[in-house]
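Written below as structure tokens is the structure these notes are about.
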Amino acid sequence: LVRTNAIEALFSRFDAHLKERGYLAMGGQIVDASIIAAPRQRMSEEERAIVKDGGIPDAWAAKPARLAQKDRDARWTLKRGRRKKGPDGKLRAEIATPIFGYKSHIGIDQRHGFIRTWSASDAARYDGRELSGLIDPANTGSAIWADTAYRSQKNERAVLRAGRVSKIHFRRAPGKPLPAQRQRANAARSKVRSAVEHVFAAQKHRMGLFIRTIGIERAKAKIGFANITFNFKRFLYWENRPSTA
């Protein structure tokens, strides 16, 4: 499947089917990313440094069977939780959980909620670097919603070049509170942007998405399969929804 580029072809084929049935990409697009866990690799600090630089430790190279079981593409990252206020009104300490694996990047259409664009990377890749590749030129809406991880001058220019309107969340300046006007704007944008969280919840909890393969190419195929499956299920939802007429 990887060698024949079958996943991308199947995804495009079903997307064309959706459009033929009238499910056009409409209303703008919502972009987000989520970490997909993989089995943790046991390695020393020296081995980890070699792998991070793209090399192969000598002990692994001498044992091909061992090397075949080592995932050299997945990376560690920290998943940061939201800071909540305590009884005294002060923000509590931030909780960061280390996770090993890959990252799924998607763009859904705001009207129907289908995944229209996607990519995969190691877990340590910065979300904002994938934005330009996730913009769907076929979407009839102009707005692009995303969280603060996508807020940068480079991404704002990419949105403008694509002829779109940025609805990316505003980020506060270091050590300064976010102005009230921008707080209200972020709250309004969150109501739309939150729809993308349902995609990851369906894949990771209901579908049990977990990367058990070795390497980025197979991980990408696994994530692509999950995206196609989600669109299948979303299509059935729309087809079986009671008519409001």
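Here are a few things to note about the model shown:
- Förster radius 41 Å - calculated FRET efficiency between Ala65 and Ser132, Cβ distance, rounded to 0.05: 0.50
- When the Cα convex hull of segment 153-237 is projected onto planes of every orientation, the mean area is 8.9 nm².
- Taking every protein chain into account, the accessible area of the chain amounts to 61 square angstrom per residue (probe 1.4 Å).
- Lysine pair number, Cα distance threshold 29 Å (strictly under), segment 96-245, separation 8 or more or different chains: 24
- Dividing the Cα radius of gyration of segment 168-209 by its Kirkwood radius returns 1.21 for Rg/Rh.
- The label-point distance for Val192 and Ala173, in a model that sets each label 7 Å from Cα toward Cβ, rounds to 2.7 nm.
- Close amide-amide hydrogen proximity is noted between Gly141 and Gly27, Gly28, each under 5 Å apart and 5 or more residues distant or on a separate chain (H modeled in the peptide plane; Pro and chain starts excluded).
- Most fluctuating residue given options Lys103, Lys19, Lys70, as computed from a GNM of the chain linking Cα atoms under 10 Å: Lys19
- Note on the chain: with a GNM built from Cα contacts shorter than 10 Å, the maximum mean-square fluctuation among Ala188, Ala221, Ala120 falls on Ala188.
- Taking a ≥ b ≥ c as the square roots of the eigenvalues of the alpha carbon gyration tensor, segment 101-245 is oblate, as a/c is not under 1.5 and a/b does not beat b/c.
- Shape call, segment 38-137: gyration tensor on alpha carbons, a/c limit 1.5: oblate
- Once both labels are positioned 7 Å from their Cα atoms along Cα-to-Cβ, the gap between Arg80 and Tyr237 label points is 3.0 nm.
- Rounded if a/c under 1.5, otherwise prolate or oblate - the chain, Cα gyration tensor axes: oblate
- List Leu1, Leu78, ordered by accessible area with a 1.4 Å probe, largest first: Leu1, Leu78
- Residue-count net charge about Val2 - beta-carbon cut-off 9 Å; Lys, Arg +1, Asp, Glu -1: +2
The values are calculated or read from the model by the stated rules, or taken from the named source; none is laboratory data. Remember, predicted model here, so these are calculated numbers, not experimental data. Cβ sites come from the backbone with ideal geometry, for glycine too, and all protein chains shown count toward neighbours. These area figures cover heavy atoms from the full protein model, side chains too; ligands, DNA and RNA do not enter into them. Shrake-Rupley method; radii C 1.70, N 1.55, O 1.52, S 1.80 Å.
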